[in-house]
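Written out below as structure tokens is the structure these notes cover.
The values are calculated or read from the model by the stated rules, or taken from the named source; none is laboratory data. As the structure is a prediction and not an experimental result, all values here were calculated from the model. Here the Cβ positions follow ideal geometry from the backbone for every residue, glycine too, while neighbour counts run over all protein chains shown.
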Amino acid sequence: MKTEDFKAISETIPHEPGVYRFLDEEGTILYVGKAKSLKNRLSSYFGDKKHTQYKTVLLTRNAHHIEFTVVETEHDALLLENSLIKKFQPRYNVMLKDGKSYTYICIKNELFPRVFFTRKMIRDGSVYFGPYTSKYRVNILLEIIRKLFQLRTCSYQFTTEGIARGKFKVCLEYHIKNCLGPCEGFETEQNYMAKIDQVKKYFERQSW
């Protein structure tokens with residue numbers, strides 16, 4: 001897609017937030033991106049080429065046309081972008097990744113599950129909520145949840161047999177009352193999982 005081709009459609013592109021897609025001549029999606037302002041973001045692809053990455057030049061050269069979807073908020077754009085990338089696996093999303101990924105909250109699939117912030121989803125049966133736009137807000141929320149429910153933060157790989165044999169010992173978090181000591185059997189799995197169910201219900205209700 002040449003600069004003059006973009007200029008021909010630029011007036012039809014709004015300044016609202018949204019998700020855009022570069023497609024080739026056969027209609028295959030090459031790249032999916034999100035933008036606070038669709039017009040500003042897409043215009044940046046067709047500006048001064050001197051400081052443009054070569055991979056970006058390749059993208060615009062191989063693109064035949066652009067499609068976009070307007071959404072209400074930046075968060076909506078992030079969710080839609082994430083969904084489309086997962087669905088279509090555009091090859092330039094791999095080539096142009098900048099090292100950043102989405103922010104999720106993970107409830108780990110393990111005995112006495114940990115609840116923590118992550119940018120990496122592992123298909124091991126763990127439960128993930130997100131993606132979220134604000135890592136800062138997520139971390140504050142996690143800190144409140146940990147203190148309210150006294151969830152463990154240690155990296156012990158618990159087993160029922162190991163706990164029964166006294167393999168694990170309580171740490172400082174137990175002594176300062178941030179954890180109830182499931183590692184030594186001071187808290188039952190039933191009680192702990194009841195708290196995890198409450199945490200899941202809370203995140204399921206969140207819309208941000």
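Residues in the stretch 183-208 that are polar (S, T, N, Q) and either in contact with a strand residue (DSSP E or B) (Cβ under 8 Å, 6 or more places away or on another chain) or part of a helix (DSSP H, G or I) (or both): 190, 191, 198, 206. Within the stretch 1-22, restricting attention to residues that are within 12 Å of residue 60 (Cβ to Cβ) and of a type in the set (A, V, I, L, M, F, W, C), which residue is surrounded by the most Cβ atoms within 10 Å (Cβ to Cβ)? The selected residue is 22.
State yes or no: is residue 180 of a type in the set (A, V, I, L, M), out of contact with any strand residue (DSSP E or B) (no Cβ under 9 Å at 6 or more places or on another chain), in contact (Cβ under 8 Å) with a residue 40 or more places away in the chain and surrounded by 14 or more Cβ atoms within 10 Å (Cβ to Cβ)? The answer is no for residue 180.
Does residue 163 satisfy being of a type in the set (A, V, I, L, M), touching an Asp or Glu at 6+ places or on another chain (Cβ under 8 Å) and part of a helix (DSSP H, G or I)? Against the criterion (of a type in the set (A, V, I, L, M), touching an Asp or Glu at 6+ places or on another chain (Cβ under 8 Å) and part of a helix (DSSP H, G or I)), residue 163 qualifies. Regarding residue 168, is this residue within 21 Å of the chain's Cα centre (by Cα) and either assigned to a loop (DSSP other than H, G, I, E, B) or under 24 Å from residue 79 (Cα atoms) (or both)? Considered against the rule, which asks whether it is within 21 Å of the chain's Cα centre (by Cα) and either assigned to a loop (DSSP other than H, G, I, E, B) or under 24 Å from residue 79 (Cα atoms) (or both), residue 168 comes out as no.
Taking residue 181, is it at positive phi, modelled with pLDDT under 95 and of a type outside the set (Lys, Arg)? No; evaluated as a whole, the condition is false for this residue.
Any residue in the stretch 124-142 that is assigned by TED's automatic domain parsing to the domain that holds residue 14, over 21 Å from residue 181 (Cα atoms) and of a type in the set (Ser, Thr, Tyr)? Within the stretch 124-142 (the criterion being assigned by TED's automatic domain parsing to the domain that holds residue 14, over 21 Å from residue 181 (Cα atoms) and of a type in the set (Ser, Thr, Tyr)), the answer is no, since none of the residues qualifies. Inspect the stretch 65-72 for any residue being more than 29 Å from residue 121 (Cβ to Cβ) and touching a Leu at 6+ places or on another chain (Cβ under 6 Å) and give the result as yes or no. There is at least one residue in the stretch 65-72 that is more than 29 Å from residue 121 (Cβ to Cβ) and touching a Leu at 6+ places or on another chain (Cβ under 6 Å).
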